[in-house]
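Report on one structure; see the data block that follows.
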Amino acid sequence: MTMLSTYFIRIFPALFLLTITFILAYRLNVWIKIFLMILGFILMRDAMTPVGIWQFGVTDSLLWLRFIDSGLVLIILAVLTLILALVLYFIHPQINQDIVWFSKNKYHAFLVGILAAILIVLPFMLPYLNTPIEARGGNVSWQVVFPLLIFALLGNFLEELLFRGFLQSQLKLITNKWHAIVLSGLIFALGHIFLAITVTDLGVIVLLFTFWEGLICAFLYERYGLIAASIAHGFGIFLISAGLF
């Protein structure tokens with residue numbers, strides 16, 4: 001819990017500044033609001049690194065990811081993230097009306113999301129088979145696996161709401177769907193440049209992974225809706241970080 005208090009104290013000044021700016025800009029251009037929301041998310045996500053909520057590494061060109069070994073902390077963060085996502089959704093009726101949640105077949109969207117998660121992580125996880133787990137983050141306690149799944153799904157639901165539900169939906173209004181998909185994937189990768197270059201030194205590996213992930217999720221959103229994209233993103237992160245392979 002000390003780690004959580006350190007985390008919130010660390011991000012509070014910047015979040016306060018962003019909130020004031022957002023309130024003053026609320027009735028202005030929709031793109032300003034989307035930019036501010038994404039900027040706030042990047043701040044909250046990247047600040048998890050220096051306080052130790054998650055840890056990245058590269059071993060023999062293999063990207064690995066591990067979260068804090070505390071189910072309680074993960075559940076608290078998951079609930080807070082869901083609350084933030086709901087607040088952002090309901091205060092933007094002029095934006096959320098354009099969000100596509102499901103394709104015609106809701107169950108199809110769930111299945112496609114799970115299969116797409118495997119596609120996202122497959123190129124990065126196949127080399128894991130020849131690398132001891134101790135060299136790529138270590139074992140994950142079984143007591144943390146379920147909280148980790150909840151956190152991955154809800155945390156990445158917020159990210160998909162911003163990049164696909166808000167950003168890509170608005171891009172589709174001013175360009176064609178394929179242009180919107182590519183831009184959504186590129187901007188998603190750009191949203192990780194600080195994580196790749198300044199917050200960590202993982203560099204091009206993170207950018208390649210997030211561009212690949214962003215393109216797949218952008219296509220899923222266009223074809224199957226936000227829930228499918230969120231499942232693919234969240235379950236993919238869970239597969240990488242749970243140490244099950």
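Where a number appears in this text, it was derived from the coordinates with a stated rule and is not lab data. This one's a predicted model, so the numbers in the text were calculated from it and none came from an experiment. Cβ sites come from the backbone with ideal geometry, for glycine too, and all protein chains shown count toward neighbours.
Things to note:
- Look at where the Cα atoms of the range 19-51 and of the range 2-18 average out, and the two centres are 14 Å apart.
- LEU65 long-range amide H proximity, modeled H, under 5 Å: none
- Length released on extending from THR49 to LEU129, taking residue separation times 0.36 nm less the Cα-Cα span: 26.1 nm
- In order through the range 117-122: 3J(HN,Hα) via Karplus (6.51 cos²θ - 1.76 cosθ + 1.60), integer Hz, x for Gly, Pro: 4, 5, 4, 4, 8, 4
- In terms of other Cβ atoms within 10 Å, TYR107, TYR224 run from fewest to most in the order TYR107, TYR224.
- Computed from phi, the 3J(HN,Hα) profile of the range 174-188 under the Karplus parametrisation 6.51, -1.76, 1.60 (θ = phi - 60°) reads 10, 8, 7, 5, 6, 4, 5, 5, 5, 5, 4, x, 5, 5, 4 Hz, with x in place of Gly and Pro.
- Counting every other Cβ atom within 10 Å of each residue's Cβ, SER70, SER184 order from fewest to most as SER70, SER184.
- The C-alpha atoms of the chain occupy a region whose extents along the principal axes are 51, 41, 31 Å, arranged from largest to smallest.
- With Cα atoms defining each centre, the range 76-154 and the range 212-245 are spaced 6 Å apart in the structure.
- ILE187 versus ASP201: modelled label distance in nm, points set 7 Å from Cα along the beta carbon direction: 3.3
- LEU86/SER141 FRET efficiency (R0 25 Å; Cβ-Cβ; nearest 0.05): 0.25
- Ordering ARG27, ARG66, ARG10 by the number of other Cβ atoms within 10 Å of each residue's own Cβ, fewest first, gives ARG27, ARG10, ARG66.
- Vicinal HN-Hα couplings computed from phi for the range 151-160 (Karplus, 6.51 cos²θ - 1.76 cosθ + 1.60; Hz; Gly/Pro x): 5, 4, 5, 6, x, 7, 5, 4, 5, 5
- Loop trypsin sites (Lys or Arg not before Pro), the range 87-142 (other Cβ atoms within 10 Å of the site Cβ: 12 or fewer; DSSP): LYS104
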